[in-house]
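Enquirer: One structure coming up, written as C-alpha cells, with questions to follow.
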Amino acid sequence: MKIDLNIETNKALKVVVLTGAGISAESGLKTFRDNNGLWENHRVEEVATPEAFSADPDLVYRFYNTRRQQLLSGDVKPNAAHAALAQLEDMLGDNFLLVTQNVDNLHERAGNKNILHMHGELTSVKCVSSGVAFHTDSDIDMHSRCTCCTPANRLRPDIVWFGEIPYHMTEIENRLAEADVFVSIGTSGNVYPAAGFVQFAKRCGAYCVELNLEPSNGSHEFDAAFHGRATDIVTKFVSAISRSSS
Ligand code: OAD
C-alpha cells in the first residue's frame, strides 16, 4: 500500500500520535478486544476495575504481575512500528508527542522520550493512600508496602482502571489543540476519552490520520485512513510524513 498525505508545509509540523494495543500486537502482546472481548482470558470487569481489586485483590495482583513478567521476559521486543515512531520523534523533536493507551514500555525501549501513558504503566505501582508512584520490575502482592507513608500503606498496580480518570488529560488536550497532524494507531476507538481525540483535534484544525488493521469505530471522522499491519503502515506513514515536512 502506498501512503500519500495531503499535507505540504514549509513550517515545522506539530504532530500528536495516539497508540493502542494494535501497535504492540506484532511484538506478541494480546490486544484487548480480539479474543471475544477477553483480555488474556479474563473479562475486563474481573481485572480492570476498582471493584475487582476490592473483591479479589490476589487475582488482580497476579494478573498484572504476569503481564509485567511477560513484558520483561526478553521475548517481547519493540517492533518496526515502534522504531518508526522513535525515528519520527528524532525528526520532529519537541513538536512530536506520543500519547499511548498502552501499559507496556515498548515505545520507551524503541527510543521515544516525549511520551505520556494515559492509562498507566506495568512497570509502575502506586500507594493506595497517597497515589505516589514507584518504578518496579518485580511482583507485588497484598504485603507489598509503600515508602511514602507512616505507617506504610498497600501498593496497587499503577493502571487506570475503568471508572478512573486517565492521566495527563490537560497536557494532552493542550497539545491536541495546537497539533497540525493527529495520528491514531492500533486502537479500536471503543474507550473514551481517547476515542474522542479525533473529533477534538479535527475541530481545532488538525489533519487526522488513522492507521489500523481495520476501520475503527470512529474511522469516518478521519481525513485519511490506511488499513494494514502496524509494522507495514506505520513505517510507510513515517516515510510519507518525512517527505511532506522536508
Ligand atoms: P483494542 O483491543 O480495543 O483494539 C486494538 C485495535 O488494534 C483493533 O482495532 C485491532 O484491529 C487493531 N490491531 C490488531 N492487530 C494489529 C496490527 N498488527 N496492526 C495494526 N492494528 C492492529 O485496544 P485499544 O484500543 O488499545 O484500557 O483499547 C483501549 C483501552 O481499552 C486499553 O488501553 C485498555 C482497554 O480496556 C485500560 O486498561 C484502561
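Enquirer: So how much slack lies between Asp90 and Cys204, counting 0.36 nm per residue of separation and subtracting their Cα-Cα distance, in nm? Don't skip to the end; give the middle numbers.
Expert: Values: separation 114, 0.36 × 114 = 41.04 nm, distance 2.53 nm.
Full extension of this stretch gives 38.5 nm more.
Enquirer: Using DSSP, restrict attention to beta bridges with both residues in the range 104-227 and report what percent are antiparallel, rounded to the nearest 5.
Expert: Bridges in the range 104-227 are about 45 percent antiparallel.
Enquirer: Before anything else, pin down the relative contact order of the chain: Cα pairs under 8 Å, at least 6 apart, normalised by residue count, whole percent.
Expert: Here the relative contact order equals 26 percent.
Enquirer: Still on this structure, I have one more. How much net charge surrounds Lys113 when only other residues with a Cβ under 13 Å from its Cβ are counted (Lys, Arg +1; Asp, Glu -1)?
Expert: Result for the neighbourhood of Lys113: -3.
Enquirer: Continuing with the same structure: Tell me, what HN-Hα J-couplings in whole Hz come from the Karplus equation 6.51 cos²θ - 1.76 cosθ + 1.60 at θ = phi - 60° for each residue of the range 153-160, using x for Gly and Pro?
Expert: 10, 5, 10, 10, x, 8, 10, 7
Enquirer: Between Asp180, Asp58, Asp104, which gets the highest mean-square fluctuation from a Gaussian network model of the chain, Cα cutoff 10 Å?
Expert: Ranking Asp180, Asp58, Asp104 by mean-square fluctuation puts Asp58 first.
Enquirer: Where in the range 67-167 are there trypsin sites (Lys or Arg not before Pro) that are in a DSSP coil and have at most 14 other Cβ atoms within 10 angstrom of their Cβ?
Expert: For trypsin sites (Lys or Arg not before Pro) across the range 67-167 that sit outside H, G, I, E and B with at most 14 neighbouring Cβ atoms in 10 Å, the list reads Lys113.
Enquirer: How do His143, His220 line up, fewest other C-beta atoms within 10 Å first? Working shown, then result.
Expert: Working: His143 7, His220 10.
Neighbour counts put them in this order, fewest first: His143, His220.
Enquirer: Can you give me the long-range amide H partners of Ser124? Hydrogens built in the peptide plane at 1.01 Å from N, cutoff under 5 Å, separation of 5 or more residues or another chain.
Expert: Hits under the 5 Å cutoff: Thr136, Asp158.
Enquirer: I would also like to ask the following. At q = 0.11 Å⁻¹, what is the base-10 log of I(q)/I(0) for the chain according to the Debye formula with one equal point scatterer per Cα and no solvent? Please give it to two decimals.
Expert: Those come out to -0.58, one per q.
Enquirer: In whole Å, how far is the Cα centre of the range 50-80 from that of the range 182-246?
Expert: Computed from Cα coordinates, the inter-centre distance equals 28 Å.
No value in this document is a laboratory result; all are computed from the given coordinates. Just so we're clear, the structure is a prediction, and the values are computed from it rather than from any experiment. Every residue, glycine as well, gets a Cβ built from its backbone with ideal geometry; the counts of neighbours run over all protein chains shown.
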